[in-house]
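All remarks here apply to the structure that follows.
The values are calculated or read from the model by the stated rules, or taken from the named source; none is laboratory data. A quick note: this is a predicted structure, and the numbers were derived from the prediction, not measured. Because the Cβ atoms are built from the backbone with ideal geometry, glycine has one as well, and the counts that use them run over all protein chains shown. For accessibility, only protein heavy atoms count, side chains too; no ligands or nucleic acids. Shrake-Rupley method; radii C 1.70, N 1.55, O 1.52, S 1.80 Å.
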Amino acid sequence: MGPTWRRPGRVRLALCFAGFLLSVYSLHVKAARARDRDYRALCDVGTAISCSRVFASRWGRGFGLVEQVLGADSILNQSNSVFGCIFYSLQLLLGCVQGRWASVLLLLTSLMSLIGTVYLAWILFFVLYDFCIVCVATYAINVGLTLLSFRLVQEPQSKAKRH
């Protein structure tokens with residue numbers, strides 16, 4: 001028997017959509033900055049509030065870890081924004097699938113994103129000494145998705161089927 005589909009809910013839909021858009025925007029900022037070093041993104045408010053500086057840092061690709069472990073040429077050494085696009089798409093897709101396994105997978109991927117969020121927030125504030133509006137917004141979105149996933153996994157299975 002195949003998966004049963006459901007609506008993901010307005011909040012999950014809005015959070016996934018916002019996260020995906022922010023990820024695409026950060027990809028745009030990185031590409032524009034690579035073409036033109038004088039490019040100033042909307043999220044570059046000042047010297048201490050600069051998203052393009054954060055995106056261009058070594059932690060902006062593969063979380064700053066993939067290059068050290070697998071090398072700069074690894075296919076996994078992508079911009080964090082690529083992982084964001086994949087994550088938010090997966091969250092939305094899994095949010096549409098009804099079943100205990102989907103709820104558990106939603107929670108596990110949300111928790112993984114929360115670990116990445118804490119790690120990148122620590123890098124942002126205590127290593128780069130910067131403030132990235134786009135980054136902080138995605139951190140908030142990740143926390144929201146994790147809370148939704150906790151709620152979903154705690155619902156009784158019969159209640160989850162009615163949604």
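General observations
- Region 25-91: relative contact order in percent, alpha carbon pairs under 8 Å with at least 6 residues between: 24 percent
- Rounded to 10°, Cα long-axis angle of helix 10-35 versus longest principal axis of the chain: 20 degrees
- Helix 100-122 and the longest principal axis of the Cα set of the chain meet at an angle near 20°.
- Under 5 Å between amide hydrogens, built in the peptide plane, is the criterion, and for Q98 it picks out T4, W5, R6 among residues at least 5 positions away or on other chains.
- For region 79-157, the relative contact order comes to 36 percent (Cα pairs under 8 Å, sequence separation of at least 6).
- Counting only DSSP H runs of at least 4 residues, each contributing -39500 (n - 2.57), and dividing by the residue count of the chain, the helix-based mean residue ellipticity at 222 nm comes to -21000 deg cm²/dmol.
- Using C-alpha pairs under 8 Å with a sequence gap of at least 6, the mean separation divided by the residue count of region 5-163 gives a relative contact order of 32 percent.
- Dipole magnitude (debye, nearest 20) for the chain, charges at Cβ of Lys, Arg, Asp, Glu: 700 debye
- Rounded to 10°, Cα long-axis angle of helix 80-95 versus longest principal axis of the chain: 10 degrees
- Solvent exposure of the chain amounts to 59 Å² per residue of accessible area, where only protein heavy atoms count and the probe is 1.4 Å.
- Taking the charge dipole of region 4-59 about its Cα centre, with +1 at Lys and Arg Cβ atoms and -1 at Asp and Glu Cβ atoms, the residue from L22, A48, A32 reaching farthest to the positive side is L22.
- Unpaired by the 4.7 Å Cβ criterion, cysteines found in the chain: C16, C85, C96
- Which labelled figure in [x] 46, 42, 29; [y] 55, 33, 28; [z] 87, 32, 22 is Cα extents along the principal axes in Å, once derived from the coordinates: [y]
- Percent accessible area from carbon and sulfur atoms, the chain, protein chains only, probe 1.4 Å: 69 percent
- Summary of packing: across the peptides 119-131, 140-152, the per-residue average of other C-beta atoms within 10 Å ranks them, highest first, as 140-152, 119-131.
- One decimal place: the segment T47-A18 gains 7.9 nm when fully extended, by the rule 0.36 nm per residue minus the C-alpha distance.
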